[in-house]
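This report concerns only the one structure given below.
What follows is calculated from the coordinates using simple rules that are stated; it is not laboratory data. If you're wondering where the values come from, they're calculated on a predicted model, not measured in any experiment. For neighbour counting, all protein chains shown are included, and Cβ atoms are generated from backbone atoms with ideal geometry for every residue, glycine included.
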Amino acid sequence: MAFSFLHAADLHLGSPFQGLALRDDVLAAKLAGASRDAFVELIDRALEERIAFAIFAGDIFDGDWRDSSIALFFNRQIGRLAKIGVPVFLLKGNHDADSVVTKSLSLPDLAHQFSTSKPETFSLPDLRVALHGRGFSHRAESDNLARAYPAPKAGWFNIGVLHTSLDGRPGHAAYAPCSLDDLRAKNYDYWALGHVHAHEVVSTDPFVVYPGNLQGRHIRETGAKGAVLVDVAENQVTGLRRLIVDRARFAEITIDASSHEEAPALLRVVEVRAREEAAKAEGRLLALRIRLTGGSALHGMLAADPARWRDEIEAAAQRAHEDIVLERFSLETRALAASAPRRKSDLQDSDFDFASLLDECLDDPDLRSEALAALAGIALKFPPGSPGLSEELDDLLAQARDLALFSAESKEGEAP
């Protein structure tokens, strides 16, 4: 018998987008609806593909609901599958564990949720498919849940459903940790995993798959997002197909400003690079982080008015495509290396080496102490838990030096 099933995970419905300060209400509205729109698209595609059943391997919700609207939305969408007889299997992960999501709504017909107290098996006799899984009872699940999963059902296609960091994936908390050998020891045919937000086929013997999350939510989640369609025939996986359904993308570009002496030329490069990223996004809303680096003759001008140049950078990006949002403008340029400071014996009475004086100030312990005290006072006005400023003292002093030098050089160039 041949059939296909849907494997999705990490929908994070209700999650806010992080790191974005949107000044365009239209773009903000598009971004706010991206996760829901992606899920609607996923169900549309699943119906078109005539799937036999669907698996959602944890973190369906991003946390406890403020109200029931997000749960009603989810139930309405999976209800579209139930109406045509497609079973849905749900597993709780760390973000929607029993201890986190305390509210509940009755599930539609044909929707089944794995137990959070012990491994549970659901059977589909017509397909001869057995699904084994256990959800999280609490968020910080540190036990190896896979070891307690039951033996496979002989002669059936066996699927393990698990929300796990596996043997440790960079950037993901070590929840329900286990090894690939633990999974192989169960002799299942397919492992439908969740928790890791990047698509990854960990193994093909047996198939161990992370579908990735449905919609990127911040700059660390770049690239295409979606779910996986799994094709099965004669109790064997015959194919994996990604369903890309995301409605917005995140990307980062780094531009070396060292070869640009004029601002218009630099802005043209920003526009070209932004257009390239917009093409990769294929018409989706694009949240773009732009980093300028390198020793540059433009550094002083950029650092003297960062707000203005953030606007110029954003305008250049939007000339490339109207649906680009500037996620962040990161100015990491530095002033060009100055000529060696002159010794005092070389200076005439009328000479004044301002750059050398500034360098001496940066090394003055009294100035550094005063600067640290000032930063501590500023930090008291920040919300609790905000990152400290003292760690950035060297960078802040260097920026102040460059600003002062740029200001002095600008005044030198003015007519007497």
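When restricted to Cα atoms, the stretch 1-106 yields an Rg and a Dmax of 15.0, 54 Å, respectively.
Applied to the stretch 195-204, the Karplus parametrisation 6.51 cos²θ - 1.76 cosθ + 1.60 on θ = phi - 60° returns per-residue 3J(HN,Hα) values of 3, 7, 8, 9, 5, 7, 9, 6, 8, 10 Hz, with x for Gly and Pro. Spin-label pair D98-N187: with each label point 7 Å from Cα along the Cα-Cβ axis, the two points sit 3.1 nm from one another.
Comparing Cα centroids, the stretch 260-302 and the stretch 215-245 end up 31 angstrom apart. The Rg/Rh ratio of the stretch 249-337, with both radii computed over alpha carbons and Rh defined as the Kirkwood radius, is 0.97.
The ranking of W191, W309 from fewest to most other beta carbons within 10 Å of each one's beta carbon is W309, W191.
In order along the stretch 228-236, phi translates into HN-Hα couplings of 10, 9, 10, 9, 10, 8, 6, 6, 9 Hz, rounded to whole numbers, per the Karplus curve 6.51 cos²θ - 1.76 cosθ + 1.60 with θ = phi - 60° and x for Gly and Pro. Computed from the C-beta positions of A28 and L336 and an R0 of 35 Å, the FRET efficiency is 0.35 to the nearest 0.05.
By how many nm would the segment from E282 to R50 grow when fully extended, if each residue of separation counts as 0.36 nm and the alpha-carbon distance is taken off?
80.9 nm is the gain from fully extending E282 to R50.
Taking the inverse of the mean 1/r over every pair of distinct Cα atoms in the stretch 139-249 gives a Kirkwood hydrodynamic radius of 14.8 Å. The ellipsoid equivalent to the alpha-carbon distribution of the stretch 2-244 has semi-axes of 27, 20, 18 angstrom, derived from the gyration tensor eigenvalues as √(5λ) and listed largest first. Pairs with C-alpha atoms separated by more than 20 Å, drawn from the list K118/K186; K118/K153; K153/K186; K92/K118; K83/K153, are K83/K153.
Computed from label points 7 Å out along Cα-Cβ, the spacing between N235 and T121 is 1.3 nm. Its alpha carbons give the stretch 243-292 an Rg and a Dmax of 12.8, 45 Å.
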